[in-house]
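Everything on this sheet refers to the single structure shown next.
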């Protein structure tokens with residue numbers, strides 16, 4: 001549904017302009033063990049919520065509870081944010097990741113693509129960047 005997607009992007013953009021890191025969630029239609037879930041936290045507005053936590057691929061029983069409970073969304077894996085907002089959060093919560101990314105960028109090469117400038121990341125230093133996912137609590 002193109003119109004619904006465009007509306008969701010516009011809502012995410014509005015929250016991102018306020019400094020929020022936004023992620024897209026879909027209302028689950030059935031329990032799925034192959035999808036990650038987002039647990040909704042406090043409402044920010046009529047359509048946006050703080051994220052209480054992410055749950056990566058729950059078992060069938062847990063997924064069923066999530067669908068029935070109405071507090072969880074499928075994680076679409078799409079994000080919308082301002083660059084300064086993600087950099088601020090990385091500096092506060094994962095400075096070692098930000099440092100490693102900076103080192104990787106310094107070792108990477110830019111090249112002209114067909115329609116834009118492209119960045120070819122240095123594979124060795126990129127492999128050293130830590131994963132920032134938090135484990136399920």
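The values are calculated or read from the model by the stated rules, or taken from the named source; none is laboratory data. What you are looking at is a predicted structure, and each value in this text was computed from that prediction instead of being measured. Note that each Cβ is placed from the backbone with ideal geometry, even for glycine, and that neighbours are counted across all protein chains shown.
Quick rundown of the values:
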quantity	calculated
Subset of region 18-55 (residues that are assigned to a loop (DSSP other than H, G, I, E, B), surrounded by 12 or more Cβ atoms within 10 Å (Cβ to Cβ), in contact with a strand residue (DSSP E or B) (Cβ under 8 Å, 6 or more places away or on another chain) and at pLDDT 95 or above)	21, 28, 32, 35, 36
Selection status of residue 29, farther than 21 Å from residue 86 by Cα, in the same structural domain as residue 69 (by the TED database) and touching a helix residue (DSSP H, G or I) at 6+ places or on another chain (Cβ under 6 Å)	no
Hits in region 56-85 (condition: touching a residue at least 60 places away in the same chain (Cβ under 8 Å) and buried (at least 19 other Cβ atoms within 10 Å of the Cβ))	80, 81
